[in-house]
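Just so it is clear, none of the values below were taken in a lab; they were calculated from the coordinates. As the structure is a computational prediction, the values presented were derived from the model and not from experiment. Cβ coordinates were reconstructed from backbone atoms using ideal geometry, including for glycine residues, and neighbour counts include every protein chain displayed.
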Amino acid sequence: MRQLLLLRHAKSAWDDPALSDHARPLNGRGRRAAVAMAGAMRSLGLRPELVLVSSSRRTLQTLEGLGALDGPPRVEPTDDLYLAPWTRLLDTLREVPEEVQSVLLIAHNPGLHDLALNLAAPDSGAPGQALAEAYPTATLAEFAVEERWAALGPHRARLVRFLQPKDLPEMAG
């Protein structure tokens with residue numbers, strides 16, 4: 001069984017209008033959410049072997065906020081993931097080497113949300129209901145994938161959990 005982790009970048013700052021969208025950093029809340037999500041990932045035993053991350057500043061800072069991931073995983077920043085549509089994200093996942101058992105993809109909405117919605121089997125229960133509503137910043141979706149990465153497609157993954165920052169004690173309130 002393969003594991004696919006989809007993480008939307010944490011909350012970014014909008015206070016410098018001179019910065020391009022690609023260069024926007026995380027704000028304070030975003031940095032706190034990334035650290036909180038790192039703790040949740042560690043407590044759940046989530047240990048990606050490969051991290052595919054958009055080249056934007058906010059996605060890279062989200063990865064930094066996760067701290068030292070167990071392994072450590074191979075990290076591949078990729079320009080093609082910046083604001084990519086779900087079909088491009090799916091194509092990227094289909095190119096993952098078959099020996100990799102766990103992948104973390106850090107990217108942007110709406111592509112990430114659309115990817116998660118398309119991957120999830122129709123009978124995803126409560127996690128699927130939460131996913132259908134929204135995909136907030138710093139939210140993690142965990143999928144179990146039975147087939148090869150190259151065969152990944154719509155409704156071919158089981159949504160295991162959908163963890164939002166508001167679900168974490170560190171971010172409550």
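A few points about this structure:
- Considering only the Cα atoms of segment 26-173, their convex hull presents on average a projected area of 8.2 nm².
- Rough spin-label spacing in nm, given labels placed 7 Å along Cα→Cβ, for Ser20 and Arg42: 3.5 nm
- For Ala13 and Ala134, the difference between the fully extended length at 0.36 nm per residue and the C-alpha to C-alpha distance is 41.5 nm.
- One Cα centroid belongs to segment 1-67, the other to segment 111-152; the line between them spans 18 Å.
- Among Ala116, Pro169, Leu5 the positive-end extreme of the charge dipole of the chain (Cβ point charges): Pro169
- Considering only beta bridges that DSSP places wholly inside the chain, some 45 percent are antiparallel.
- Positive-end extreme of charge dipole, segment 8-48 - chosen from Leu46, Ser20, Ala33 (charges on Cβ): Leu46
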